[in-house]
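FYI, it's all coordinate maths here, none of it is from the lab. Note that the structure is a prediction, hence the values are computed from the model and not measured. When we count neighbours, we look across all protein chains shown, and the Cβ atoms used for this are built from the backbone with ideal geometry, even at glycine.
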Protein chains: 2
Amino acid sequence: MAVKHTKRTEDYSKWYNEIVQRADLAEHSDVRGCMVIKPYGFAIWEKMKEILDQKFKDTGRSNAYFPLFIPKSYLSKEADHVEGFAKECAVVTHYRLKNSDDGSGVVVDPNAKLEEELIVRPTSETIIWNSYRNWIQSYRDLPILINQWANVVRWEMRTRLFLRTAEFLWQEGHTAHATAQEAKDETSQMLEVYADFAEKYMAMPVVKGRKTESERFAGAEDTLCIESLMQDGKALQAGTSHFLGQNFAKAFDVKFADKQGGLDHVWATSWGVSTRLMGALIMCHSDDEGLVLPPRLAPIQVVAIPIYRSKDELRSISDKMNLLKDAFSSKGISFKFDDDDNRRPGWKFSEYETKGVPVRLAMGPRDLENGKIEVVRRDTKEKDLVDFEGIAGYVASLLDEIQKNLFDKALDFKTKSTVEVDDFKAFKKAINKGGFVSAHWDGTSETENRIKEYTQATIRCIPLEQKKESGSCILTGKPSQGRVLFAKAY
Amino acid sequence: MAVKHTKRTEDYSKWYNEIVQRADLAEHSDVRGCMVIKPYGFAIWEKMKEILDQKFKDTGRSNAYFPLFIPKSYLSKEADHVEGFAKECAVVTHYRLKNSDDGSGVVVDPNAKLEEELIVRPTSETIIWNSYRNWIQSYRDLPILINQWANVVRWEMRTRLFLRTAEFLWQEGHTAHATAQEAKDETSQMLEVYADFAEKYMAMPVVKGRKTESERFAGAEDTLCIESLMQDGKALQAGTSHFLGQNFAKAFDVKFADKQGGLDHVWATSWGVSTRLMGALIMCHSDDEGLVLPPRLAPIQVVAIPIYRSKDELRSISDKMNLLKDAFSSKGISFKFDDDDNRRPGWKFSEYETKGVPVRLAMGPRDLENGKIEVVRRDTKEKDLVDFEGIAGYVASLLDEIQKNLFDKALDFKTKSTVEVDDFKAFKKAINKGGFVSAHWDGTSETENRIKEYTQATIRCIPLEQKKESGSCILTGKPSQGRVLFAKAY
């Protein structure tokens with residue numbers, strides 16, 4: 001019974017949805033826009049969390065927890081922020097239900113109306129800066145370097161698993177500093193943390209850049225970002241780090257006594273990544289057979305499957321596998337021996353391929369006799385018969401190689417999919433083909449909007465690292481100080 | 001400037017609030033009933049989480065994530081559950097705000113009313129069992145052993161930091177089984193996990209027991225619990241594990257094909273502990289000077305403070321401390337060397353005492369010369385001058401000893417505070433004195449309620465381990481099959 005799966009070339013979006021479902025990562029819930037993250041999907045997110053959390057702690061950050069609810073009036077305190085976030089959000093208006101008069105269920109108790117509505121946090125700048133006001137009196141209280149792992153809600157009308165959901169999980173860092181420079185340095189440092197994580201762990205190359213004014217976080221003076229490219233040529237914003245200036249300190253009246261005894265408003269940053277990274281990870285590496293996971297984020301790095309007819313054969317293979325288990329464990333490699341008797345080897349091969357397990361081992365009675373084991377890597381599907389002796393070391397190197405290969409492949413794709421163009425005709429052609437298009441722009445939001453209108457492409461970022469080069473805007477011909485990166489985006 | 005702190009004997013409740021504030025653990029937010037968990041408090045919670053999470057995984061459980069919102073109608077599907085949980089809760093009625101006509105801020109958009117209100121989860125049985133319906137077809141899909149770390153909201157009118165807040169953090173396990181026995185075994189197993197965690201890590205002795213019908217979880221057929229005793233003689237429920245029978249499977253129509261080909265409803269459990277454990281931890285061990293933490297849950301296990309006049313002296317001491325840092329690190333002991341030049345040693349001594357750091361080291365120039373270091377343990381406040389040579393091993397043993405001492409002390413208190421009584425006069429006297437009161441009860445909710453009315457005491461649990469003994473109910477004189485444990489409780 002061969003089920004036909006959608007190929008990437010046929011319908012990329014359908015392919016993506018199928019992978020998420022087939023690999024048992026997540027599903028839509030009955031609650032509009034909210035997803036259920038299933039155990040296998042959550043295990044990948046947990047690995048991401050664990051690595052990022054350690055990076056935050058290694059650079060001196062601590063975790064804390066702030067309320068889920070934000071009083072409605074807080075959102076209005078920062079003028080740009082309210083425009084960006086006080087729109088599509090979940091509003092709590094009542095605090096009690098009661099039995100309905102007809103006994104059919106429960107209804108909202110009209111007597112339990114809140115004096116001020118509460119908003120389920122879409123992001124926590126306002127509630128956090130309201131707390132920081134009481135925490136900060138002097139320069140001695142600075143810097144404050146806090147991160148929060150939390151759920152947030154933004155009422156999205158069109159949702160896609162991991163990529164855009166009403167509720168999602170994320171981390172949000174919120175720091176407070178005595179000087180603008182220190183806050184800017186923090187913004188840059190956290191961008192580096194994100195870029196390093198994306199490239200070293202997700203095996204996903206990124207472009208580090210700065211958002212244009214119109215794409216900036218609502219309330220920020222500067223937004224840095226990492227942008228990556230998916231296999232369909234669309235860009236995905238994978239993380240942002242914002243320099244908030246003194247905007248929130250002013251909105252929430254947070255001042256500190258500096259060393260000279262003067263009073264000044266505090267400087268702020270915020271930075272975050274979300275379960276959206278799961279979508280990026282899936283789309284960056286997976287193929288028509290299913291999920292492909294970089295070894296450093298795979299919940300199961302190696303799976304072994306016994307091929308046997310008799311219980312005796314299974315027992316002999318199991319004995320060998322138990323040795324292997326210890327060998328992998330001592331190398332910190334996560335290993336699963338799947339001896340489930342209810343499933344056939346073919347079913348298992350397909351299952352672990354779909355789930356993106358980086359290395360699959362298989363052993364039958366003949367292999368046992370010959371001291372061999374079959375090794376299949378998920379990324380290239382190459383199959384080898386390898387000596388059982390020393391197999392743990394062999395697999396450890398192979399995992400490193402797979403990690404590197406996935407990154408190299410994605411980098412190659414990104415390089416090939418990035419083009420420079422110098423006129424609008426070539427621009428339109430390149431944008432329709434997909435990928436990053438590097439072009440000159442006159443620096444105005446007006447031109448940016450017109451280009452978006454004509455082509456659906458947005459400026460993903462002004463890259464931080466690129467050659468200095470002046471030129472003429474592809475649309476208006478006006479002078480430009482440097483190229484920016486356009487793409488259609490998720 | 002000596003600030004006078006409230007003593008436990010003066011006002012236990014005030015003492016508790018002061019400790020939470022002085023040790024910088026948490027504070028009330030401006031949002032009614034919601035707390036801010038500050039970095040030091042959160043670091044303790046993270047240690048708890050990490051240990052419990054590992055225990056869950058070691059026993060075969062996986063984490064997943066389900067939606068924050070529950071459609072109102074779901075709560076009505078299980079008759080008892082709705083009575084227990086569909087009352088004081090946060091109700092989302094709208095999904096959009098808009099600018100107010102007078103430009104003064106934002107208002108709820110009346111056009112964005114939800115067709116069905118959403119409830120912020122007070123617990124997740126309903127939303128999870130609604131998902132399980134699609135996950136379970138046959139016995140091959142069972143058991144499902146899932147845990148979720150999440151925030152939940154129950155609209156509480158009178159709140160206390162950690163002990164009772166509108167929003168709190170917790171974990172909730174939700175398992176599905178093919179047989180009643182397997183589900184009952186799961187319920188017992190998770191109770192053991194909680195009891196082990198409470199005693200071995202929190203150093204908090206507990207009584208394992210069963211709730212009476214009136215104290216059971218709404219929707220459960222059986223609720224097991226661990227109960228502990230605080231220093232003021234009041235009991236605190238520290239964790240619960242529920243056998244839910246087929247109640248939720250029936251409410252959400254979750255059936256499975258068994259091995260014989262028949263169809264049956266699935267059997268369920270749920271189990272949870274929350275940030276309430278933080279309250280228990282604080283109240284179980286702390287003293288009039290501040291927080292006392294068991295070493296296994298202390299974010300900083302050892303702090304070292306240099307005593308110096310010159311920079312040269314500080315440098316010599318720092319060199320020694322860096323050696324110590326490595327020695328502690330290799331033993332997995334978390335160590336902080338506080339060389340902050342802005343604070344005097346006396347201030348630091350008091351700070352770390354308040355924060356409950358289990359071991360404090362201090363070293364001055366004379367100690368350095370003599371190859372000694374001062375060691376002070378937080379639990380007994382004993383001070384010793386110890387050879388610097390081998391200090392890491394000395395401190396490692398001391399941490400074990402402190403862990404044990406805290407448990408022994410709490411166990412001794414619990415033992416001394418548990419009395420058996422056989423008549424109502426003695427009962428009232430014992431209850432007013434505080435502690436656990438073991439007494440006979442006739443088994444009816446009516447009697448239980450009358451006792452509560454007269455004395456404010458509730459039946460904390462029917463202990464799982466106790467001698468079989470029949471007797472007469474202290475209130476009604478009717479026959480009783482065994483003693484139950486009464487107390488006033490948090």
| note | Yeah, segment A:304-360 with a ≥ b ≥ c from its alpha-carbon gyration tensor (a/c under 1.5 is rounded, else prolate when a/b outruns b/c, oblate otherwise) is oblate
| field | Label point 7 Å beyond Cα along the C-beta direction, distances from B:Asn342 to other copies (nm, shortest first) | value | 6.1
| note | For A:Thr179 and A:Ser73, extending 7 Å from Cα along the Cα-Cβ vector and measuring point to point gives, in nm, a value of 3.7
| request: Sort A:266-274, A:444-452, A:201-209, A:42-50 for me by packing, meaning the mean count of neighbouring Cβ atoms within 10 Å per residue, highest on top. | output: A:266-274, A:201-209, A:42-50, A:444-452
| request: Jot down the radius of gyration and Dmax of segment B:295-413, Cα atoms only, both in angstrom. | output: 14.1, 49
| remark: Note: B:Glu213 to B:Glu50 extended length (0.36 nm per residue) minus current alpha-carbon separation gives 55.4 nm
| task | Provide an ascending nm list, one decimal, of label-point separations from A:Lys478 to the equivalent residue in each further copy; define each label point as 7 Å from Cα along Cα→Cβ. | result | 8.8
| task | Would you kindly work out, in nm and rounded to one decimal, the distances from the label point of A:Lys416 to those of the same position in each other copy, ordered shortest first, with label points 7 Å along Cα-to-Cβ? | result | 7.8
| request: Restricting to segment B:295-413, compute how many DSSP beta bridges are antiparallel as a %, nearest 5. | output: 55
| request: Just need the relative contact order of segment B:160-269 here, percent rounded to a whole number, with Cα pairs under 8 Å and 6+ apart. | output: 28
| Contact order relative to length of chain A, as percent, for alpha carbon pairs under 8 angstrom and 6 or more apart | 14
| field | Cα radius of gyration and Dmax for segment A:108-245 (Å) | value | 17.7, 55
| query | Can you give the three extents of the C-alpha atoms in the protein assembly as shown along their principal axes, from longest to shortest, in whole Å? | reply | 95, 81, 70
| task | Give the shape of segment B:1-102 as rounded, prolate or oblate, defined through the alpha-carbon gyration tensor: a ≥ b ≥ c are the square roots of its eigenvalues, a/c under 1.5 means rounded, and otherwise the shape is prolate if a/b is larger than b/c and oblate if not. | result | oblate
| Can you give the mean number of other chain Cβ atoms that lie within 10 Å of the Cβ atoms in peptide A:152-159? | 2
| said: What three numbers, in Å, describe the spread of the alpha carbons of segment A:418-487 along their principal axes, ordered from the longest? | reply: 27, 23, 18
| Euclidean distance between Cα centres, segment B:350-370 to segment B:236-259, Å | 52
| field | Mean shadow area of segment A:230-303 over all directions, Cα convex hull, nm² | value | 8.6
| field | Backbone N within segment A:367-386 under 18 Å of label point (7 Å from A:Glu401 Cα along the Cβ vector) | value | A:372-386
| Expressed in nm², what is the orientationally averaged projection area of the convex hull enclosing the Cα positions of chain A? | 30.2
| In nm, spacing of pseudo-spin labels at B:Thr444 and A:Ala257 (7 Å Cα→C-beta vector) | 6.8
| How many nm is it between the label spots at A:Asn342 and A:Ser138, if each spot is 7 Å from the Cα in line with the beta carbon? | 6.6
| said: Taking 25 Å as the cut-off for C-alpha to C-alpha distance, list the pairs among B:Lys55/B:Lys348; A:Lys47/A:Lys416; A:Lys55/B:Lys311; B:Lys14/B:Lys488; B:Lys416/B:Lys467 that go past it. | reply: B:Lys55/B:Lys348; A:Lys47/A:Lys416; A:Lys55/B:Lys311
| task | Could you work out how far the C-alpha centroid of segment B:170-224 sits from that of segment B:430-490, in angstrom? | result | 21
| task | Output the antiparallel fraction of DSSP beta bridges having both residues in segment A:404-490, as a percent to the nearest 5. | result | 75
| request: Using the structure shown, select from A:Lys49/A:Lys113; B:Lys4/B:Lys428; A:Lys57/B:Lys211; A:Lys87/B:Lys72; B:Lys208/B:Lys425 the pairs with a Cα to Cα distance greater than 30 angstrom. | output: A:Lys49/A:Lys113; B:Lys4/B:Lys428; A:Lys57/B:Lys211
